[in-house]
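Some notes on the structure that comes next.
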């Protein structure tokens, strides 16, 4: 979210100072396009740039086009289809990665300052809202109930609509505040996860050092997680407490909830013992199969940072897979 904030803050500053500014937005993408739907950047007439629509020669070309259009009084917006294929008959981006993008260049007017500042406030307060772009201008609302994550329709260059839910979509609940949790918080914060950390040791030094988690909650007992951690399609849980006993309490509290991802840190021997106990108690394989354990992809990780990277990689894979809510 910090990168998004910086881009919107450049736009706000430009509008306040009457510096013409262009918003570049990827409204649609397919295949191996380097800039996915929702990527955006800002370019102002003073040459300041923030954000990205995918990089490379394609982005450079659009930055130059934005600068050129900023000098044209009549230009309000333009929509460009780009094909990343040298064999394409037209609208080649100059890249050969395959796929395509639909890119909007939108010159923002002084009256856009109000919705832009609302977007900045929303992101600064870790909230969500709906950004809307259309020939009628830039609009923003915090009324998100029932809205899809993204919606794009185009009948013509005079009749189109782009709507996107902005703010934190993915929530990571880290159970345990030790060294691995500290490293994982730092990695996942950069991946635009809202991070809520739970720990039962209030004076733990790694908990106190953790400045990247958005929330830190001290629990009396990890069984409280049953009412503290909500289920959800975009909710991810990583259990990495101080040991077997507390891991067991935490997992039992959450085992019957539905998450996009739920995993437990530990050795294969520890996980095997834990799951054998659950089977003996009659806990179904269906429930146990929901749990990723041990967590992380196999990169022979040893240090807390290496473990965090292996876990983050596994979560990224799940994040971009077709949702199957357990």
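When residue 238 is tested against (1) without any contact (Cβ under 8 Å) to a residue 12 or more places away in the chain; (2) outside any loop (DSSP other than H, G, I, E, B), only condition (1) is not met.
What do you reckon, is residue 215 closer than 22 Å to residue 125 by Cα and surrounded by fewer than 15 Cβ atoms within 10 Å (Cβ to Cβ)? Judged against the criteria, residue 215 is a match.
Every listed requirement among (1) out of contact with any strand residue (DSSP E or B) (no Cβ under 6 Å at 6 or more places or on another chain); (2) at negative phi; (3) surrounded by 12 or more Cβ atoms within 10 Å (Cβ to Cβ) is met by residue 266 save one, (2). You will find that of 295, 307, 299, the residue that is in contact with a helix residue (DSSP H, G or I) (Cβ under 7 Å, 6 or more places away or on another chain), under 22 Å from residue 225 (Cβ atoms) and outside any helix (DSSP H, G or I) is 295 and no other.
Residues that are surrounded by fewer than 16 Cβ atoms within 10 Å (Cβ to Cβ) and closer than 28 Å to residue 320 by Cβ are absent from segment 193-201 altogether. Residue 225 falls short on exactly one of the conditions (1) closer than 21 Å to residue 306 by Cβ; (2) crowded, with 18+ Cβ neighbours inside 10 Å; (3) at pLDDT 95 or above, and that condition is (1).
Entry remark, segment 162-211: residues being in a helix (DSSP H, G or I) and in the same structural domain as residue 144 (by TED's automatic domain parsing) number 0 in total. Do we find a residue being modelled with pLDDT of 90 or more and within 20 Å of the chain's Cα centre (by Cα) anywhere in segment 272-281? For segment 272-281, residues modelled with pLDDT of 90 or more and within 20 Å of the chain's Cα centre (by Cα): absent.
The values are calculated or read from the model by the stated rules, or taken from the named source; none is laboratory data. No experiment lies behind these values; they were computed from the predicted model shown. Methodologically, a virtual Cβ is constructed for each residue, glycine included, from the backbone with ideal geometry; neighbour enumeration extends over all protein chains shown.
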